[in-house]
Each structure stands twice: as structure tokens, then as C-alpha cells.
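Scroll down for the structure; my scribbles are underneath it.
No value in this document is a laboratory result; all are computed from the given coordinates. Note that the structure is predicted; figures quoted are calculated from it, not measured. Methodologically, a virtual Cβ is constructed for each residue, glycine included, from the backbone with ideal geometry; neighbour enumeration extends over all protein chains shown.
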Ligand SMILES: NC(=O)c1ccc[n+]([C@@H]2O[C@H](COP(=O)([O-])OP(=O)(O)OC[C@H]3O[C@@H](n4cnc5c(N)ncnc54)[C@H](O)[C@@H]3O)[C@@H](O)[C@H]2O)c1
């Protein structure tokens with residue numbers, strides 16, 4: 001979407017962090033922005049701050065796990081600015097702990113917000129984007145945890161790996177219809193995500209691995225070392241304009257990704273592939289690469 005001026009974006013989790021950074025960058029680029037967030041006070045404060053930029057902004061209090069509320073939010077966003085062109089499924093939460101000690105409540109809450117709500121966003125907004133026919137773009141915020149893993153955040157990692165797979169598949173489906181898809185894979189961002197526990201709903205109160213005060217205070221020290229959300233917003237705007245499938249923001253993770261992917265490649269059996277199976281796979285790959293070759297964004301920088 002090279003020309004974003006006058007286009008409308010709906011951003012979930014826009015009251016803080018990455019979503020706020022996106023809203024800031026999009027407004028400065030002349031877009032209309034609707035931010036949705038579950039935190040009412042923070043939403044109002046963000047709308048007030050963003051309102052100082054000379055482009056229109058509107059806030060909607062919404063829980064992205066509530067499908068009816070998301071459908072209403074899509075109607076309200078459309079009523080506010082006529083058409084929505086860009087949907088940013090960005091809101092997310094994290095709780096730390098070994099996955100073998102997680103409770104059903106931990107699993108359901110993290111999956112509902114970090115994965116299922118991405119599908120809720122698609123179901124609520126995509127039919128409207130398709131219907132106006134002016135093209136559009138979906139931006140899903142995954143994480144570096146959609147590419148690399150570790151011992152500390154298993155459910156989050158499972159959800160983010162899924163958001164990345166979801167986004168890649170959606171790219172093949174939508175790009176031929178004139179709608180782009182990007183997946184953002186940030187490393188550490190200076191955001192509010194370490195306060196996710198504040199948002200745990202009453203129905204999900206059974207915590208599998210309670211966090212001790214020492215761990216929480218370490219998070220308080222680490223989180224501010226993260227990238228400025230405004231820098232995130234600028235990088236995401238650039239990816240939107242270029243039509244990038246992958247928006248990578250943190251160079252410090254490149255070596256780890258290379259090392260982990262090398263381990264996967266090294267695990268393949270060192271033997272010739274079966275020719276009949278290979279033929280089937282080549283047919284499948286042709287469908288995929290035909291789309292890639294035709295629609296991949298071309299840019300030199
Ligand atoms: N902060 C990081 O280091 C980091 C790293 C990688 C990926 N991410 C991803 O970036 C995205 C944004 O997170 P952030 O770091 O800006 O966190 P943040 O907590 O600063 O902002 C997230 C916003 O989402 C809102 N939210 C949470 N649950 C919601 C719900 N059910 N309905 C509506 N709104 C809800 C929160 O109120 C908050 O304002 C998330 O998807 C997160 O996983 C963050």
C-alpha cells in the first residue's frame with residue numbers, strides 16, 4: 001500500500017506499546033486511525049495524546065476475545081471513517097513459566113488473546129475490506145518468539161508460531177485479491193506487556209506457575225531496555241508501504257534464527273528423496289511459488 005494518506009487503520013492494543021507506536025506513525029503519515037483496547041483509561045489517554053497529531057483518531061473499548069464486540073467494533077470503525085483499509089491484529093499478552101506447569105486457564109487465556117483473537121479480527125474486518133474493493137492490508141503482530149524458542153514462555157511461543165503460519169497462509173490467499181499481509185516479529189520492546197497479569201479475567205484465575213516478586217522486578221528492569229514503540233511504528237509503516245510479508249525490526253536476533261534454522265536443516269535425513277513423492281511436492285510448491293513470483297513486493301532498499 002504505497003499511498004496510505006486518507007486510508008483508515010484499525011489497531012488492536014493501541015493504548016500502549018507497539019500498537020500505540022503504529023497509531024502514531026500512521027497518523028503522522030496522514031491516515032485515519034481507530035485504536036481498540038481493553039483498558040478504558042489507557043485508551044482515553046492514548047486518544048488524547050494521539051489527538052495532537054493533525055489526523056483523525058478514534059478509540060473503541062473492546063475485548064478482542066469477544067467476537068460480538070469485535071463485530072460491533074468493525075461497524076463502529078467503518079461508521080467513523082467510511083471504510084477500513086488496514087487491520088492490525090496487534091494486542092497480545094505474555095505470562096512466563098515452563099509449559100509443563102501451565103494450567104488450562106493459562107493456556108486458554110494466552111491462546112484466546114494471542115491467537116484466536118487474530119482470527120476474530122479477520123472475521124470481523126476482512127469482509128468489509130473485501131467489500132469496498134479499494135484494497136487493503138492485514139498486519140499481524142507475532143514476535144521473535146514465532147521463530148525461536150526457549151524454556152520460559154511456552155504458551156506464548158506456541159501462539160506466536162501459529163500467528164506466523166496463519167499470516168503466511170493468509171498472504172497466499174489475499175495478495176491475489178489486492179490485500180497485503182504482513183507479520184511483525186519484534187524482539188524486546190519498551191512496552192507494558194510485563195503487566196499482562198493485570199488483565200487476567202476472573203474466568204482464567206487458576207495460575208499454573210505463579211511468578212515470584214524477584215522475577216517481576218527483573219522484568220521491570222529489562223522491559224525498558226526494549227525498542228522505542230515509536231521506532232517500531234516507523235518500521236511497521238515502512239513495511240506496510242513496501243508490502244513486506246515479514247517485518248523484522250530487531251537485528252540482534254538474526255544469528256539466533258540462523259542457528260536454529262540450521263539445526264532444523266541438519267536434522268533432515270541425508271538420503272535421496274523418493275521421486276514419486278518429490279513430484280507431488282513439486283506440484284504443491286509450484287502453486288505456492290507461482291503466487292510468490294507474481295506478487296512478491298519488489299524493492300531494492
Ligand atoms: N514488548 C515486547 O517485548 C514484545 C516482543 C515481541 C512481540 N510483542 C508483541 O507486540 C504486541 C503488542 O504488545 P506490547 O508489547 O505493545 O504490549 P503492551 O501491553 O504495551 O500493549 C498491548 C495492549 O493490548 C491490550 N490488550 C491486551 N489484551 C487485550 C484484549 N483482550 N482486548 C483488547 N486489548 C487487549 C493491552 O491493554 C495493551 O494496551 C503483542 O502481540 C506482543 O505479543 C511484544
- Could you rank the peptides 7-13, 64-70 by their average count of other C-beta atoms within 10 Å per residue, with the highest value first? 7-13, 64-70
- Efficiency of FRET from Cβ geometry, residue 28 and residue 72, R₀ 25 Å, rounded to 0.05: 0.30
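Given axes a ≥ b ≥ c from the Cα gyration tensor, I'd like to know whether the range 152-246 is rounded (a/c under 1.5), prolate (a/b larger than b/c) or oblate. If you can, show how the numbers build up before the last one.
Details: a/c = 2.98, a/b = 1.65, b/c = 1.81.
Note, shape of the range 152-246 comes out oblate.
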- Length gain on complete extension for the stretch residue 252 to residue 230, per 0.36 nm per residue less the alpha carbon to alpha carbon distance? 6.1 nm
- Given the C-alpha centroids of the range 64-88 and the range 231-266, what is the distance between them in whole angstrom? 28
- Item | Packing rank of 257-267, 14-24, 48-58, where each peptide gets the mean count of other beta carbons within 10 Å, highest leading | 14-24, 48-58, 257-267
- Query: With the calculation restricted to Cα positions, what are the radius of gyration and Dmax of the range 8-256 in angstrom?
  - Reply: 17.1, 52
- Item | Cut-off 13 Å (backbone N to label point 7 Å along Cα→Cβ of residue 197), residues of the range 93-110 | 94-97
- Query: GNM, the chain, Cα, under 10 Å: largest mean-square fluctuation among 189, 280, 148?
  - Reply: 280
- Can you give the extra length, in nm with one decimal, that the chain gains between residue 205 and residue 296 once fully stretched, where that is 0.36 nm per residue apart less the Cα-Cα distance? 28.3 nm
- the chain: most fluctuating residue of 183, 84, 175 per GNM, C-alpha cutoff 10 Å: 175
- So, with points 7 Å from each Cα along the Cβ direction, the residue 105-residue 134 label distance in nm works out to 4.5
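Could you work out [θ]222 nm for the chain from helices alone, using -39500 (n - 2.57) per DSSP H run of at least four and dividing by all its residues? Round to the nearest 500 deg cm²/dmol. Numbers along the way, then the final one.
Details: 10 runs with 141 residues, N = 301.
One gets -15000 deg cm²/dmol as the mean residue ellipticity at 222 nm.
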